[in-house]
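Just below is one structure, and these are the notes that go with it.
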Amino acid sequence: MLTVRRQIRVTGTVQGVGFRPFVYRHATRLGLGGWVLNDSSGVLIEVE
């Protein structure tokens, strides 16, 4: 099976509102792996 990896940047009001836990919960439910982190521009997500 082919593995597809995507990197997604989310900007705007994403810090202090529970966005990372929200992404983690949904990725886990969908069986996806990867990581989510805050940086100075917003949130960076890598998923496969």
Determine the calculated [θ] at 222 nm for the chain from helices alone, applying -39500 (n - 2.57) to every DSSP H run no shorter than 4 residues and normalising by the residue count; nearest 500 deg cm²/dmol.
-7000 deg cm²/dmol
Can you compute the FRET efficiency between Ser41 and Arg5 using 1/(1 + (r/R0)^6), with r the Cβ-Cβ distance and R0 = 30 Å? Round to the nearest 0.05.
0.90
So the angle from the long Cα axis of helix 19-29 to the longest Cα principal axis of the chain, reported in degrees to the nearest 10, equals 20 degrees
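Each value in this text was obtained by applying a stated rule to the coordinates, not by laboratory testing. Note that the coordinates shown come from a computational prediction; the quantities given were computed from them, not determined experimentally. A quick note on method: Cβ atoms are made from the backbone with ideal geometry, for glycine too, and the neighbour counts reach across all protein chains shown.
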